[in-house]
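K.L.:
Supplied in structure tokens, the structure appears directly below.
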């Protein structure tokens, strides 16, 4: 596990009133909408909303009508508004064809705000949602943990990014609690992160420093507990025979399947995160799909004596997800922008 020391986090607290902090977001979104209006057949969208102005990032994208001409898109991207880019805080402008966006709830339970034209999103059943919640936990929580670890390892961690990583991890932690029941340690962590965000600009500097340190020191223990809590539920849908999976999910992050527990180690200029092997089952399923994305994932997975059996209902969901993700991968890759993919974007240039 990661051991953090008190004093590792530094606070630079600034007190601005809400309206002052919200003004740049309003301007940034307006600039984005104006910029997007010059792209034929394009609809600008925002994912979620600004919950904590001054601390939140904005997540935005563009939806294209079928058959649009993307010939000048790369040229137009060069004039993307600087203020909007700053508010994205390193995030990616996402691209979608309308047909894929309509099925986005099969990938993530995201709230989409249409900034101009509205597009109908296909609703999913409660049964589908329950299965997708499990897949989201499997795919998001280890990834958040790995990126949080890498942020901690920096000589000067970005506090804003850390709080964002904690907050996004809470989505998975809340899902786990909703599935398996209340856990005091997990619930206390979620409430602490909520307090960090809500009072970031009003809490006394010393108190904020203590709270952020406490959240940082408990983060990995909480994630470890939550992962152990959900394994029995995952076992209802995934049966594993054998052991030995290693997945190089991106350039500097590797997942190593183990029988139980989680942990980190470093080597080969990469980070290795040990997770229960059941958390790698969805990637094994994706690697068997006949598509460019499936082939890339397959090349990055090393399997020894390992096999996985998937329940029929979960298998159906995973088939739909990898079909959607593969189609989206092909769509964005053809744009030739080098970025813009909602998931697995780091594979675009392979």
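K.L.:
Among residues belonging to the range 229-241 that are surrounded by fewer than 19 Cβ atoms within 10 Å (Cβ to Cβ) and at pLDDT 95 or above, point out the one that is nearest to residue 170 (Cα to Cα).
P.N.:
My answer is 229.
K.L.:
Can you tell me which residue among 211, 196, 243 is over 20 Å from residue 143 (Cα atoms) and in contact with a strand residue (DSSP E or B) (Cβ under 7 Å, 6 or more places away or on another chain)?
P.N.:
None of the other options fit; the residue is 243.
K.L.:
Taking residue 196 as meeting all but one of (1) surrounded by fewer than 19 Cβ atoms within 10 Å (Cβ to Cβ); (2) touching a helix residue (DSSP H, G or I) at 6+ places or on another chain (Cβ under 6 Å); (3) closer than 15 Å to residue 164 by Cα, write down the number of the exception.
P.N.:
Unmet for residue 196, out of (1) surrounded by fewer than 19 Cβ atoms within 10 Å (Cβ to Cβ); (2) touching a helix residue (DSSP H, G or I) at 6+ places or on another chain (Cβ under 6 Å); (3) closer than 15 Å to residue 164 by Cα: (1).
K.L.:
Follow-up. For the range 268-287, check the following and say yes or no: at least one residue is under 23 Å from residue 179 (Cα atoms), touching a strand residue (DSSP E or B) at 6+ places or on another chain (Cβ under 8 Å), outside any helix (DSSP H, G or I) and not assigned by TED's automatic domain parsing to the domain that holds residue 136.
P.N.:
yes
K.L.:
Right, here's the next one. What about residue 148, is it modelled with pLDDT of 95 or more and in the same structural domain as residue 74 (by TED's automatic domain parsing)?
P.N.:
no
K.L.:
Quick check on this structure: which one of 228, 236, 213 is out of contact with any helix residue (DSSP H, G or I) (no Cβ under 6 Å at 6 or more places or on another chain) and in a loop (DSSP other than H, G, I, E, B)?
P.N.:
236
K.L.:
For the range 314-349, name all the residues that are part of a loop (DSSP other than H, G, I, E, B), free of Cβ contacts under 8 Å to residues at least 40 places away in the same chain and under 14 Å from residue 94 (Cβ atoms).
P.N.:
338, 348 - these are the residues of the range 314-349 that are part of a loop (DSSP other than H, G, I, E, B), free of Cβ contacts under 8 Å to residues at least 40 places away in the same chain and under 14 Å from residue 94 (Cβ atoms).
K.L.:
A further question follows. Give me the residue from the range 329-350 that is in contact with a strand residue (DSSP E or B) (Cβ under 7 Å, 6 or more places away or on another chain) and under 12 Å from residue 100 (Cβ atoms) and, out of that set, surrounded by the fewest Cβ atoms within 10 Å (Cβ to Cβ).
P.N.:
331
K.L.:
Among 247, 283, which is the only one that is within 30 Å of residue 45 (Cβ to Cβ), modelled with pLDDT of 95 or more and surrounded by 13 or more Cβ atoms within 10 Å (Cβ to Cβ)?
P.N.:
Sole residue among the options that is within 30 Å of residue 45 (Cβ to Cβ), modelled with pLDDT of 95 or more and surrounded by 13 or more Cβ atoms within 10 Å (Cβ to Cβ): 283.
K.L.:
Across the range 249-267, what is the total count of residues that are assigned to a strand (DSSP E or B), more than 15 Å from residue 150 (Cβ to Cβ) and touching a helix residue (DSSP H, G or I) at 6+ places or on another chain (Cβ under 8 Å)?
P.N.:
Of the residues in the range 249-267, 2 are assigned to a strand (DSSP E or B), more than 15 Å from residue 150 (Cβ to Cβ) and touching a helix residue (DSSP H, G or I) at 6+ places or on another chain (Cβ under 8 Å).
K.L.:
Please go through the range 299-312 and give me each residue that is in a helix (DSSP H, G or I) and surrounded by 13 or more Cβ atoms within 10 Å (Cβ to Cβ), ordered by number.
P.N.:
Across the range 299-312, the qualifying residue is only 300.
K.L.:
Test each condition in (1) part of a helix (DSSP H, G or I); (2) within 30 Å of residue 98 (Cβ to Cβ); (3) touching a helix residue (DSSP H, G or I) at 6+ places or on another chain (Cβ under 9 Å) for residue 163 and report the one that comes out false.
P.N.:
(2)
K.L.:
Going through the range 58-113 one residue at a time, which ones are at pLDDT 95 or above, touching a strand residue (DSSP E or B) at 6+ places or on another chain (Cβ under 8 Å) and closer than 17 Å to residue 335 by Cα?
P.N.:
Residues satisfying the conditions are 61, 62, 63, 64, 93, 94, 95, 96, 97, 98, 101.
K.L.:
Looking at the range 300-313, is at least one residue within 19 Å of residue 251 (Cβ to Cβ) and more than 20 Å from the chain's Cα centre (by Cα)?
P.N.:
yes
K.L.:
Quick one: count up the residues across the range 302-313 that are modelled with pLDDT of 95 or more and closer than 29 Å to residue 220 by Cα.
P.N.:
1
The values are calculated or read from the model by the stated rules, or taken from the named source; none is laboratory data. Everything numeric here is computed off the predicted structure, so don't read it as measured data. When we count neighbours, we look across all protein chains shown, and the Cβ atoms used for this are built from the backbone with ideal geometry, even at glycine.
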